[in-house]
1. Starting from the Cα of residue 108, step 7 Å along the direction of its Cβ; do the same at residue 94; then give the gap between the two resulting points in nm.
2. Given the Cα-Cα distance of residue 26 and residue 127 and 0.36 nm per residue of separation, how much length would full extension add, in nm?
3. How long are the semi-axes of the ellipsoid equivalent to the chain, from square roots of 5 times the Cα gyration tensor eigenvalues, in whole Å, largest first?
4. Packing-wise, with mean Cβ within 10 Å as the measure, how do 117-123, 33-39 rank, highest first?
5. Which value at 222 nm does the chain reach when only helices count, each DSSP H run of 4 or more adding -39,500 (n - 2.57), with the total divided by all residues and rounded to the nearest 500 deg cm²/dmol?
6. Between residue 139 and residue 48, what length in nm is gained on full extension when 0.36 nm per residue of separation is reduced by their alpha carbon distance?
7. In percent, how large is the relative contact order of the chain, given Cα pairs closer than 8 Å and 6 or more residues apart?
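Read-outs throughout are calculated quantities, based only on the coordinates presented, and are distinct from any laboratory measurement. This is a predicted model, so every value here is computed, not measured. In this analysis, Cβ positions are derived from the backbone assuming ideal geometry, glycine residues included, and neighbour counts consider all displayed protein chains.
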């Protein structure tokens with residue numbers, strides 16, 4: 001069974017880390033804890049029943065309200081969130097991105113060029129005083145929805 005848990009937006013990864021420690025300490029029958037990139041403020045937990053999930057999220061930081069949203073989620077309802085989309089097909093020139101690794105981690109940038117064969121993108125940092133193109137791996141960026 002899969003359950004949706006409401007969390008503080010931006011703290012989804014922290015909640016999953018806390019949950020992982022709690023699961024291993026208490027030996028709970030929770031099989032997976034997932035953060036879905038397009039689903040801000042929520043995590044998905046796969047467990048044997050709702051009571052196990054409630055024990056897992058009890059007294060956990062950044063879990064909002066009663067925690068569980070609705071009831072059990074059917075896997076068919078999640079198919080659009082879980083299907084793999086080729087990264088290079090979704091990156092286009094002039095898109096705004098955030099660098100998530102490397103020396104410019106946390107910086108926002110604009111995509112100038114996309115090299116599909118090498119899976120690299122050339123970006124221009126938005127807050128830089130001098131606009132210098134930087135070529136990085138496409139894995140090191142996150143598309144910003146604005």
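1. For residue 108 paired with residue 94, the spin-label model returns 1.8 nm.
2. Details: separation 101, 0.36 × 101 = 36.36 nm, distance 4.62 nm.
My answer for the length gained is 31.7 nm.
3. For the chain, the semi-axes come out at 36, 17, 13 Å.
4. Values: 117-123: 16.3, 33-39: 13.9.
Top to bottom by mean Cβ count within 10 Å: 117-123, 33-39.
5. Details: 4 runs with 35 residues, N = 146.
Taking each H run of at least 4 residues, the total per residue is -6500 deg cm²/dmol.
6. Numbers: separation 91, 0.36 × 91 = 32.76 nm, distance 3.41 nm.
Full extension of this stretch gives 29.4 nm more.
7. Working: 254 pairs, mean separation 29.2, N = 146.
Answer for the chain is 20 percent.
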